[in-house]
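Worksheet: the structure to be examined is printed underneath.
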Amino acid sequence: MKSQLEELLLSALTRMGDGAFASAPRPQTVSIERTRDAQHGDFATNIALRLAKAARRNPRELAQAIVAALPPNPLVARAEVAGAGFINFFLTKRAYADEIARIHAEGVRYGRSTLGAGMRVLVEFVSANPTGPLHVGHGRQAAYGATLAGLLDAVGCSVEREYYVNDAGRQMDIFAVSVWLRYLELCSEELAFPTNGYRGDYVQAIAQLLLTQEGTRFHKPAAAIVAQLPPDGPAGDKEKHIDALIERARELLGRDGFRDVLKVSLAAMLGDIRSDLGEFGVEFDHWTSERALEDSGAIERALARLESEGNLYREEGALWFRAENFGDEKNRVVVRENGQKTYFASDIAYHLQKRERGFQRLIDVLGADHHGYVARVRAGLTAMGEPGESLEVNLVQFVSLYRGTEKIPMGKREGQFVTLRQLRAEVGNDACRLFYLMRSHEQHLDFDLELAKSRSNENPVYYIQYAHARVASVLAQLASRGMHFDRAEGLAHIELLKSAAEELVLQQVARYPEVIETSALNRTPHGLVHYLRELANAFHSYYNAEQFIVADAPLRNARLALVIAVQQVLRNGLALLGVAAPESM
RNA sequence: GCGCCCGUAGCUCAGGCGGAUAGAGCAUCGGCCUUCUAAGCCGAGGGUCGCAGGUUCGAGUCCUGCCGGGCGCGCCA
């Protein structure tokens, strides 16, 4: 609808020709938006106001000329000049009838477009370290990333979803050692658990798994382990302590033995994360391993590429990247004094690899605490000759859990944090997804468990689902009265729908493609949530105002055609959000 | 100290590219079930858009400075 009007307006401007303007109008200057007030018609444009200065003409007079140049169109009943120079468009009933017919014809595909056709996009999200279960913050990133990817797919982009697995590096070693120590406890060894180790019941569960799966072949006496280790914190240096502990594990188990412990731990943790996300309705096309990236030599290649352009230098024994030259606030270490590559090194290699895989647009969904990252990764890409703008980072703000008005404290290491799994078990997947997406991703989220759980009118989840179920209920009622829906007759009589409630539903339901478009382009899934609530609201009002199943067959079928269209749009929208669309409640 | 995000109704929040009288949910108050599910609908009250300047036909929206809150500023990931 909107795009058709834009074309119409553009052709009017073209028809008026260069004579009317200092320069020919470009398509970007054509913008049409929904009106807020029905008195202003269905759509309005401020084009005349914007072009008035360049054309050196009075805005109202210019608007009048544009209206006069508009080619006649069956969708437009009339266009008139209003206010300071707005042009208001009043659509015909036919325009809405066409749109309802389109919804019926396209079904689950309704709302899709080809705006992003040809654009290959990689959406990387969650990517939580596999050293513990996902927490509620990851859940929000999962919901956001999955829906964003779905929206981009809906506007025609070729989208792939990716989880980057940080399975290399020190944190992973610490995790493996933590599992090993718990395993030794199961073998009846008595040891002090390191301050920096991973606590939490899940570590012990994995230790148990290790024991059942691999037997006691990793059993070493406690005395051999603690012998001559530097003291742990707080008295000693907890970092040195844990590093020594990792080294000791490698000595005692052998490199292969330690790697086996790590492998089992990683597989168990990753399995848990994957199933957690799967149950949450979040699937990935790729699980990219940092270790595999390193083994493939990608990091060396990335560093070589930086080196060849003279963007690396040595200082105090470390190898540095001149990030400052590419917009970052300081230079960054890529290889430490001890010869180990930094996380940043693998990260830029990873992003280079994404480009090499042919993605034009790299979207990273990250927790808000990672914002310091953006400039340096972009600097890395630029320095390697890739366009910095190809990287787009969407930061997702934190989640605070409330039980009513009481805030739930969330400490990370203490094992006291609430996991995504716990949250899902308590409030259900649907409420989780919707609550996560209700607010702008760049806004802190207060998540009230009581509200999300309540089966009452306070809970926005049911409001939308209920509208969908109600339509199903109407159709069941229709069948039980021995009637059936005649689609052809209904679509042929949309003009009979002219009450205020009906006009509002027609207008809302036809807005869906525009909502998908703006939500995708602005990366704002919450726009879709707000829209679905408004559509449900229009429907519920209609339901209360009018009886659908009436004796008059053309009117009955027209009304049913409309509410079935509403149901289809609700279903399509909820599917994008990952929320169920129940037939009954 | 520097950088990023945020500040809109009692509470939680919407308000692409600057546009017409700033919206919604919850809460409060008052109505609607002999009629397709009341998990619903209708109505009312409620605002110095943090503060102060600036840009212009027009600013919640853009710019500058303050105030308040969150986060980040490692040879950690």
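Read-outs throughout are calculated quantities, based only on the coordinates presented, and are distinct from any laboratory measurement. Fair warning: this is a prediction, and the values are worked out from it, not measured in the lab. So basically every Cβ, Gly included, is an ideal-geometry build from the backbone, and we count neighbours across all protein chains shown.
Set against the 2.2 N^0.38 Å expectation for a compact globular protein, segment A:349-436 has a Cα radius of gyration ratio of 1.49. In chain A, the longest principal axis of the Cα atoms and the axis of helix A:93-106 are about 40 degrees apart. Simple spin-label estimate for A:E33 and A:E6 gives 1.4 nm between the two label positions (7 Å along the Cα-to-Cβ direction from each Cα).
With a simple spin-label model that places each label point 7 Å from the Cα along the Cα-to-Cβ direction, the separation between A:H104 and A:R533 comes to 3.2 nm.
Alpha-carbon geometry of segment A:399-453: the Rg and the Dmax are 11.1, 30 Å, given in that order.
Taking amide H positions as modeled 1.01 Å from N, with prolines and chain starts lacking one, the residues under 5 Å from A:V334 and 5 or more places away or on another chain are A:L319, A:W320, A:F321.
For chain A, the convex hull spanned by the alpha carbon atoms encloses 198 Å³ per residue.
Here the Karplus curve 6.51 cos²θ - 1.76 cosθ + 1.60, taken at θ = phi - 60°, turns the phi angles of segment A:74-80 into couplings of x, 7, 9, 6, 7, 10, 9 Hz, with x standing for Gly and Pro. Three semi-axes describe the equivalent ellipsoid of segment A:100-169; taken as square roots of 5 times the Cα gyration tensor eigenvalues and ordered largest first, they are 32, 15, 7 Å. Shape descriptor for segment A:460-577: Rg over Rh equals 0.99 (Cα atoms; Rh from the Kirkwood inverse mean 1/r).
What number results when the radius of gyration of segment A:74-204, computed over Cα atoms, is divided by 2.2 N^0.38 Å? Don't skip to the answer; put the middle values down first.
Numbers: Rg = 27.4 Å, N = 131, 2.2 N^0.38 = 14.0 Å.
After normalising by residue count via 2.2 N^0.38 Å, the value is 1.95.
Kirkwood radius for segment A:126-285, taken over all pairs of different Cα atoms as the inverse mean of 1/r, rounds to 17.2 Å.
Below 8 Å between Cα atoms, with a sequence gap of 6+, how large is the relative contact order for chain A in percent? Working shown, then result.
Working: 917 pairs, mean separation 87.4, N = 585.
Taking the mean separation of contacting Cα pairs over the length of chain A, I get 15 percent.
Shown in residue order for segment A:530-536 are the 3J(HN,Hα) couplings computed by the Karplus curve 6.51 cos²θ - 1.76 cosθ + 1.60 at θ = phi - 60°: 4, 4, 4, 5, 5, 5, 4 Hz (x for Gly and Pro). Cross-link reach is defined here as a Cα-Cα straight distance under 21 Å, omitting same-chain residues fewer than 8 places apart; for A:K498 the lysines meeting it are A:K93. The fraction of all Cα pairs in segment A:296-385 landing in successive 5 Å bins from 0 to the largest distance is 3, 14, 26, 27, 19, 8, 3, 0, given as whole percents.
Show that you can apply the helix-only estimate: for chain A, add -39,500 (n - 2.57) for every DSSP H stretch of four or more residues, divide by all residues, and state [θ] at 222 nm to the nearest 500.
Working: 22 runs with 306 residues, N = 585.
About -17000 deg cm²/dmol.
Relative to the longest principal axis of the Cα atoms of chain A, the long axis of helix A:59-69 lies at roughly 70 degrees. Between the Cα long axis of helix A:500-509 and the first principal axis of chain A there is an angle of about 40°, rounded to the nearest 10. Amide H contacts under 5 Å for A:L391: A:L362, restricted to partners 5 or more places along the chain or on a different chain, H placed in the peptide plane at 1.01 Å from N. Sorting the segments A:511-521, A:76-86 by their mean number of nearby beta carbons within 10 angstrom, highest to lowest, gives A:511-521, A:76-86.
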